[in-house]
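What follows is a short report on a single structure.
None of the figures in this text is laboratory data; all of them are computed from the coordinates on show. Remember, it's a predicted structure, so these values are computed and weren't measured experimentally. Cβ coordinates were reconstructed from backbone atoms using ideal geometry, including for glycine residues, and neighbour counts include every protein chain displayed.
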Amino acid sequence: MTDLDQLMDHETDPVCGMAINPDAARAEGLTAEYQGRSHFFCGRGCLLEFADDPERVFKPDHVPHM
Amino acid sequence: MSTTNQPELSLPVTGMTCASCVNRIERFLNKADGVTTATVNLATERATVQFDPTKIDRTGIVQTIQAAGYDVRADAGTSEAATEHDDEQRSLLVQALAAAGIGLAMMVVMLWPGGVPWSMERVNVWFLVPATIVQFIFGRRFLVAAARGLPHLDLNMNTLVAMGTLAAYGYSLFVTLFPEAVRSAGLGMETYFDSAALIVGLILFGRWLEARAKGQAAGAVKALLELQPRTARMIRNGVEMDLPVDQVRVDDLLRVRPGDKVPVDGILTDGASALDESMLTGESLPVEKSMGDRVIGATLNTSGSFVMRAEKVGAETALSQIVAMVEQAQGSKAPIQRVADRVTGWFVPAVVGVALLTFALWMLLGPEPRLPLALSSAITVLIIACPCAMGLATPTAIMVGTGKGAEHGILVRNGAALEQAQRVTTVVLDKTGTLTRGVLSVINVIPESIDERELLSLAAAAERGSEHPIAEAIVRHAEAAGLALPDASTFEAIAGRGVRATVDGRKVLIGTEKLLDESGVDVDAPPTDPAHSPIFVALDGRLAGVITVADTIRPEAAEAVRRLRDRGLDVWLISGDRAATAHEIGARAGIGADRILAEVLPGQKSAKIAELQANGAVVAMVGDGINDAPALAQADLGIAIGTGADVALEASDITILGEDLRSVPNSIGLSRATMRTIRQNLGWAFGYNVVLIPVAAGALFPIFALLLNPALAAAAMALSSVSVVSNSLRLRAFNPA
């Protein structure tokens, strides 16, 4: 993998929309498996929000925000 | 700022990492019924809540935060609890004095020489109001507690007090309200209002003394808590500010100035100083600390200013854990307590039976006036039998004993450990880190071809790059000798065998005999002391000398062993080292060759302990809490020494803070003193009841015409509780040495 690839390789926090480095999130335990897919979060608050109601963030009218 | 008069609460929230955490907690709180506004601050980690106290309280708010997935740090609650305790104590004393005063005044009127110029009927009516106040207001706690136990047939000392006083009060009430009926039955107008009031007063007084004694015993924990500094000087973005210590988070940088206390546990990152750690370890000399050293919260910075990084805060700090453990131990039950509980369990119903029997016998066989005498005797039995003293016998002694231990750096896990410690017959001491310091030191420098200082300086220069304990010992020794160490230009560590380096252009090879031999060096050195480990030094392919290193025995080891023996204990040494090393250390500590178990692998230590146990020994194992954990667990009593309190607390029954081996005999002495006190207490409490119940029932009446009255019984009972508590408090004077 080149440096550029590494830079491009980020995930989006589905709750707040922030760009997340998956390795960093994994190291902090800020990941969740949902419907066969891994999701990454900026912090505990977003992870808990997601865990409360994961469907909510996938609705078309969901606008990611803090 | 709020314009309402609603109460506001500021709670320290833990577990927040980001702004979304803040939003989440605020949302949960603002949704909660009764919360007017809630704001959460990530930087200070506090939630500020304005609320309607009729709808929600502190607990409800904490639960809401917990429901959101976070927690509230327990803080500041302790002082509130302490105030409550003080208020409770004061109200007990006031009620006790008032009740006893009223009872005493009534008794004076009743017993006035030559009688008072009023009829007894009239006096009884005057007594009715104060007696009722004492019985139902001051004495309410006994009635409520007794009534609560009744449905479950839980008969306890409150039952005895309630029954006794209600019987006295009830009979007196009947006499007062229906004097004609009493007169026609041929009885006098005497009432027992005075006795009932005096009993309530005296028992309340006993409770007050008990509460006070408990407060004093808990002083050990309070003293520990007071060690905790209130503020910390935090460095954030280059700004230094003083903040409450509960706001310090892991990884915060903190400045500690001379005279300050270290706020939390952490690592020294900049500067150097000497810390007085005596409050936690008992070590009286200040300990030098420099970069990378661990510093412990609540210890005192005596000299330089330094910066530390917080590693453990709040409930995680060594001090908090010690406090938690002492509190737990003080509240724990020793197995001997179960005996007392069992006795109390059948004791109360038995006493009620004896009281009923007493009443029946006096009614059938007693002299006239039968009813008052029968009633008075039955009440006296109920009052005198109150097993308070029995209930106090064990817990007060455990509380004082474990508190006393904590003062001397001896942390006892629980009452069972304390009881076990006095049964120990055999003490097994681990060698490394227990009898010895667990750190290697240079013993001898034996030059072959160059002079001693040059040998040491070259060896230390070569070893400086290594982190091996042997290398550290050599470098430390050279530095202590004031030698200047040249820089090594090349360095190579040979795992488990030694190092190869170039110093001042000369090739230095340091290591085992085998390493040098394989490198073609002629290793022909005179034999060294078998208890020491020889390290060979070659210079440009020729043997330059030998340096011997060994672990050194603790200076107080021999004294500690002698004191254990003086207490009649069999002392053994266990070690994984070679027999020669173990015997050498054993001889210096005064442990005989027949009591040394050498070359025991760590995993076999517990088997060796089991062997001793199979031969009938009750074994205490003394070792560090990490490597010796299995042996500590196998032993009847595990004593951990020389390890961080946090680790050792888990693995051992008794943890010794600091490194003084004399704490081992001290802890056994303390446990023996505590158990002796418990036995005295139980003996006294039980004996008192066995002797006085028959007297109260009237056993001495037929011979000596001697009969106790209920008020005297209450005084005797209070005295017995007081004597038990005082006996326990005597332990405070225990001097382990």
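Which of B:K261/B:K289; B:K261/B:K312; B:K514/B:K608; B:K31/B:K55; B:K431/B:K605 have a Cα-Cα distance over 22 Å?
B:K514/B:K608, as the Cα separations exceed 22 Å there.
With a 10 Å Cβ neighbour count serving as the proxy for reagent exposure, in which order, fewest first, do B:V618, B:V690, B:V724 appear?
Exposure proxy ranking, most exposed first: B:V690, B:V618, B:V724.
Calculate, axis by axis, the spread of Cα positions in the range B:112-153 along the three principal axes, and write the results as whole Å, longest axis first.
Here the Cα extents, ordered largest to smallest, are 49, 17, 16 Å.
From Cα pairs below 8 angstrom and at least 6 apart in sequence, can you work out the relative contact order of the range B:410-554, rounded to a whole percent?
28 percent.
What is the order of B:V725, B:V35, B:V264, fewest Cβ neighbours within 10 Å to most?
Details: B:V725 25, B:V35 21, B:V264 30.
Starting with the residue having the fewest Cβ neighbours, the order is B:V35, B:V725, B:V264.
What does the convex hull of the Cα atoms come to per residue for chain B, in Å³?
Spelled out: Cα convex hull of chain B, divided by residues, is 231 Å³.
How high is the relative contact order of chain B, in percent, with contacts defined as C-alpha pairs under 8 Å that are six or more residues apart? Present the calculation step by step, with values, prior to reporting the outcome.
Details: 1396 pairs, mean separation 90.3, N = 737.
Relative CO of chain B lands at 12 percent.
Pop out the Kirkwood hydrodynamic radius of the protein assembly as shown from its pairwise C-alpha distances, inverse of mean 1/r, in Å to one decimal.
Result for the protein assembly as shown stands at 33.0 Å.
So, counting K/R as plus one and D/E as minus one, what does the shell of residues with Cβ under 14 Å around B:F28 add up to?
-2
Among DSSP beta bridges whose residues both lie in the protein assembly as shown, state the antiparallel percentage, nearest 5.
Bridges in the protein assembly as shown that DSSP calls antiparallel: roughly 80 percent.
Quote the relative contact order of the range B:458-520 in percent (integer), defining contacts as alpha-carbon pairs under 8 Å separated by 6+ residues.
29
In whole angstrom, how far apart do the alpha carbon centroids of the range B:464-521 and the range B:349-377 sit?
Comparing the Cα centres of the range B:464-521 and the range B:349-377, I get a distance of 93 Å.
Treat the count of other C-beta atoms within 10 Å as a stand-in for reagent exposure and order A:C46, A:C16, B:C21 from fewest to most.
Working: A:C46 31, A:C16 21, B:C21 26.
Taking fewest neighbouring Cβ atoms as first place, the list is A:C16, B:C21, A:C46.
Within the P(r) computed for the range B:657-737, what percentage of the Cα pairs occupies the region above 15 Å? Mind dumping the intermediate values first?
Working: 2195 of 3240 pairs.
Summing the P(r) tail past 15 Å for the range B:657-737 gives 68 percent.
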